[in-house]
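The values are calculated or read from the model by the stated rules, or taken from the named source; none is laboratory data. Note that this is a predicted model, so its numbers are computed, not measured. Heads up, the Cβs are rebuilt from the backbone with ideal geometry, glycines too, and the neighbour counts pull from every protein chain shown. Only protein heavy atoms, including side chains, enter the accessible area calculation; ligands, DNA and RNA are left aside. Shrake-Rupley method; radii C 1.70, N 1.55, O 1.52, S 1.80 Å.
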Amino acid sequence: MFAVIPYDEYTDLIERRDRELTIPHEVVRKTVIDEKSKVRAWREYKGLKQSEMAERLGITQAAYS
């Protein structure tokens with residue numbers, strides 16, 4: 001299949017895709033240098049506490065930890 005779209009839209013889509021697939025440096029640093037788990041690194045990057053994350057998941061903080 002093919003789609004014909006304006007070039008500007010195409011480049012915007014590519015740039016957005018690349019940003020969405022990129023892991024922020026802070027997360028990489030926390031996992032590689034600080035040896036934190038990927039889940040913890042992302043949670044801290046998003047500025048969430050364990051209790052907030054557990055609430056979003058619909059579980060207790062103890063179960064999350």
### Message
of a type outside the set (Phe, Trp, Tyr), assigned to a helix (DSSP H, G or I) and at pLDDT below 95: is that true of Glu44 in this structure?
### Response
no
## Note on the structure
Checked pairs for segment 32-48, first free of Cβ contacts under 8 Å to residues at least 12 places away in the same chain, second among the β-branched types (Val, Ile, Thr), C-beta under 7 Å and 6 or more apart or across chains, list as Lys38/Thr31
### Query
Somewhere in segment 44-63, is a residue open to solvent by 90 Å² or more (accessible area, probe 1.4 Å) and at positive phi?
no
